[in-house]
Amino acid sequence: MMCAYILSPRQEVVTAFTNLGIQVTRIVESDNTSQETKESVNGEIHVKSITNPFEIADIICETATDFYEENTICVGLGDQTSLTASVVNELLGVAGGKYAPISTLFVLKNKPLLRRLLSMKLPQYSGYFKVVSDADDVRNSFRQNQNGIVVKPLSGSGSRNVLRLQSEDDIAKNLVSFSFPALVEECFFGPEYSVEAITIDGQHQPLAVTEKILGGESGVIEIGQIQPANIDASTKELLFEVTTNLLDAVGLNFGLSHTEIILEKDTPKIVESHGRVGGDRIADLLRFTTGYDAFERLGAAIATGKFLPIEPIASSCRVDFVDLSDYQESDLEWKDKALSDPNVRLAEVLKPAECRGRIWCSADRHAFTLSVFDRKVKR
């Protein structure tokens, strides 16, 4: 039996894996790391740090009755946890190659490294970039890119501390928001999409294109996801081609990936890429537009080494993030009202009323709905 040690998984991940006959042990972060909680109880092990691969590898060695290269794997589904899991698999010599290389995940996580790789291998998909150390560097970069620049942290996700600057005044207004060192990139203009894919033995299966709706205080926060994107077949194939070219360039040989692309005058420009599925419930949207969610696809790849087919069960679906700043009724009333729409399958409040404010990053968003249209069959 395949045994998977999964770092801080959602219940949907556990369910998908166990339904495929994979024995799952959840590894979760906790201050309580006594000998009893280090031992697997009800399929759960506690560690002090979910990002410490050495602690996790030691605990797997201490608690597993036996493990072998082919039947044991550590799995992470976030930027940092996927990197941690890759290190654990290397340390233990397990997983039989069914995980992304450490170097690949590190390049995808580190934005300047990814930009350097693109400039060398796929320059047509990239543009100007520079690591800057102060406001003068930002101004100099803007003078070389009068259409605008984007300033962002060297790593991270969720559009936290990402600023789009299109004038000297924008730079002056946002000086207090800069955190150095930072990455400056040429600003691309056009509709933004993401491509979800899964890779087995270096072969890529593009799954779906998702269209982004942007907003928030900075104008670059994702406040909506529409899948599949409303694009023609040739544009879809172009985005798939860009994605697979990138995955080949970074050496991704196994696992889920999420690549964000802007179409600037029909020319694709890569925004970023990750060795994991997209956030914002994109993993769940895949169930409706491809027949299986991202976790089912990853579990099947690990268990069988084969791709699952693409079998849509709905014509389209979407996630919409809702700003509740001016909402006067209770959260329960909002949720009940949202769920009264027959197309809405899920409605969740992310922040209680007392914690809501302006939306500067993904973590600031207030609530969301997940809607499905023209259901064809039930799975």
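No other residue among Gln166, Gln124, Gln144 is polar (S, T, N, Q), more than 20 Å from Asp79 (Cβ to Cβ), under 26 Å from the mean Cα position of the chain (by Cα) and not assigned by TED's automatic domain parsing to the domain that holds Glu260 apart from Gln124. Scanning the range 337-363 for residues that are under 24 Å from Asp374 (Cβ atoms) and over 22 Å from the mean Cα position of the chain (by Cα) returns Lys337, Ala338, Leu339, Ser340, Asp341, Pro342, Asn343, Val344. Within the range 352-378, track down each residue that is under 17 Å from Glu217 (Cα atoms) and assigned to a loop (DSSP other than H, G, I, E, B). Passing the criteria: Arg356, Gly357, Arg358, Ile359, Trp360, Cys361, Arg365, His366. Hey, does the range 233-240 have a residue that's closer than 21 Å to Ile200 by Cα and touching a helix residue (DSSP H, G or I) at 6+ places or on another chain (Cβ under 9 Å)? No: zero hits. Against the list (1) closer than 15 Å to Leu286 by Cβ; (2) among the hydroxyl-bearing types (Ser, Thr, Tyr); (3) not assigned by TED's automatic domain parsing to the domain that holds Pro312, the condition Ser179 fails is (1).
Looking at Asn32, Asn19, just one residue is at pLDDT 95 or above and farther than 24 Å from Leu105 by Cβ, and that residue is Asn19.
Meeting the requirement of 3 or more residues that are touching a residue at least 40 places away in the same chain (Cβ under 8 Å), farther than 30 Å from Glu69 by Cα and not assigned by TED's automatic domain parsing to the domain that holds Leu122, the helices (runs of 4 or more DSSP H) wholly within the range 272-343 are 282-290.
Determine whether Leu118 is touching a strand residue (DSSP E or B) at 6+ places or on another chain (Cβ under 8 Å), buried (at least 21 other Cβ atoms within 10 Å of the Cβ), at pLDDT 95 or above and not in a strand (DSSP E or B). So Leu118 fits the description; yes.
When Val220, Val277 are checked against the criterion of being touching a strand residue (DSSP E or B) at 6+ places or on another chain (Cβ under 7 Å), more than 23 Å from Arg164 (Cβ to Cβ) and modelled with pLDDT under 95, a single residue qualifies: Val277. For the range 339-377, filtering for residues that are over 30 Å from Leu163 (Cα atoms), surrounded by 12 or more Cβ atoms within 10 Å (Cβ to Cβ) and among the β-branched types (Val, Ile, Thr) leaves 2. Residues in the range 249-296 that are basic (Lys, Arg) and more than 16 Å from Ser194 (Cβ to Cβ) were compared, and the one that is surrounded by the fewest Cβ atoms within 10 Å (Cβ to Cβ) is Lys265.
For the range 223-250, the set of residues classified as assigned to a loop (DSSP other than H, G, I, E, B) and not aliphatic (A, V, I, L, M) consists of Pro228, Asn230, Asp232, listed by residue number.
Taking the criterion of being among the hydroxyl-bearing types (Ser, Thr, Tyr) and touching a residue at least 60 places away in the same chain (Cβ under 8 Å), the residues of the range 156-184 that qualify are Ser157, Ser159.
Please state which one of Asp320, Asp336 is modelled with pLDDT of 95 or more and either surrounded by 16 or more Cβ atoms within 10 Å (Cβ to Cβ) or β-branched (Val, Ile, Thr) (or both).
So the residue among Asp320, Asp336 that is modelled with pLDDT of 95 or more and either surrounded by 16 or more Cβ atoms within 10 Å (Cβ to Cβ) or β-branched (Val, Ile, Thr) (or both) is Asp320.
The values are calculated or read from the model by the stated rules, or taken from the named source; none is laboratory data. What you see is a predicted model; the values in this text were computed from it and never measured. Please note: Cβ atoms are built from the backbone with ideal geometry, for glycine as well, and neighbour counts cover all protein chains shown.
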